[in-house]
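Here the structure is laid out as structure tokens; the discussion comes afterwards.
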Amino acid sequence: MTTDREQVLESAAALLTRKATATMDEVARAAGISRATLHRLFAGRDTLVRAIEDMSLRRFEEALDAARLDEDEASDALRRLVAEAEPVAGVLAFLITENQLFEAEGMNEGWDRIDDRVSALFRRGQESGEFRIDLTPAWLTDALYGLISSGAWSVQDGRLAAKDFQYMIVELLLGGARRSVKR
């Protein structure tokens, strides 16, 4: 019987999103495999976390593609992005808190690609006059990641209904990102 590596990563990500301190034994149990099989696939926790990062970044890039960030008004593209990112929100929450990803040399190029694409969306909204110009695109990008992560944790903990995930994130971010017209 062959072990589906992607399924193991999905199970590990689901567990680590809920319990970031889970042991490799717990990860193996969650994935329905032995610890020996887990170690054959991933030499240790760092290797496992890097593999989850790669899978998640690939999926987040797919969400960016599906959101069609260059189409319509920037706020509409942002709404689509949050909707497309929702399935990977929990893993994004885990990755953002996984300090080892940001301390290592040669940080994953995937983060740079994603950051560039999301920042470009905010920059486009600023250039069109839709978003405030006193907040940098980099800050708005980080704020979006934080809101997606917080939304995932709130849904997981039952403080936010899953059906409200997109609305709460977009409305809070846009309410603070929209340029106000002085009267």
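FYI, it's all coordinate maths here, none of it is from the lab. As the structure is a computational prediction, the values presented were derived from the model and not from experiment. Quick reminder, even Gly has a Cβ in these numbers, built from the backbone with ideal geometry, and neighbours come from all protein chains shown.
Tabulated results
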read-out	value
Selected from LEU135, SER150, LEU95, residue furthest toward positive end of dipole (segment 56-177; charges at beta carbon)	SER150
Calculated [θ] (222 nm, deg cm²/dmol) that DSSP helices of n ≥ 4 give over the chain, each run adding -39,500 (n - 2.57)	-22500 deg cm²/dmol
Magnitude of the charge dipole, segment 1-42, Cβ model with Lys/Arg +1 and Asp/Glu -1, debye to 20	120
Helix axis angle, 109-127 relative to the chain longest principal axis, alpha carbon, degrees	20
Diffusion constant of the chain at 25 °C, which comes from Stokes-Einstein with the Kirkwood Cα-pair radius and 0.890 mPa s, µm²/s	140
Principal-axis tilt of helix 45-67 within the chain, Cα atoms, nearest 10 degrees	40
About the Cα centre, charge dipole magnitude for segment 43-132 (Lys/Arg +1, Asp/Glu -1 at Cβ), debye	180
Rounded tilt (10° steps) of 137-156 against the dominant C-alpha axis of the chain	50
Span from the segment 1-46 Cα centroid across to the segment 125-174 one, whole angstrom	30
Charged-residue dipole, Cβ positions (Lys, Arg, Asp, Glu), the chain about Cα centre, Debye nearest 20	520
Ranking of THR141, THR136 by count of other Cβ atoms within 10 Å, fewest first	THR136, THR141
Nearest-0.05 FRET efficiency for ASP54 and ARG18, computed from C-beta distance (R0 30 Å)	0.90
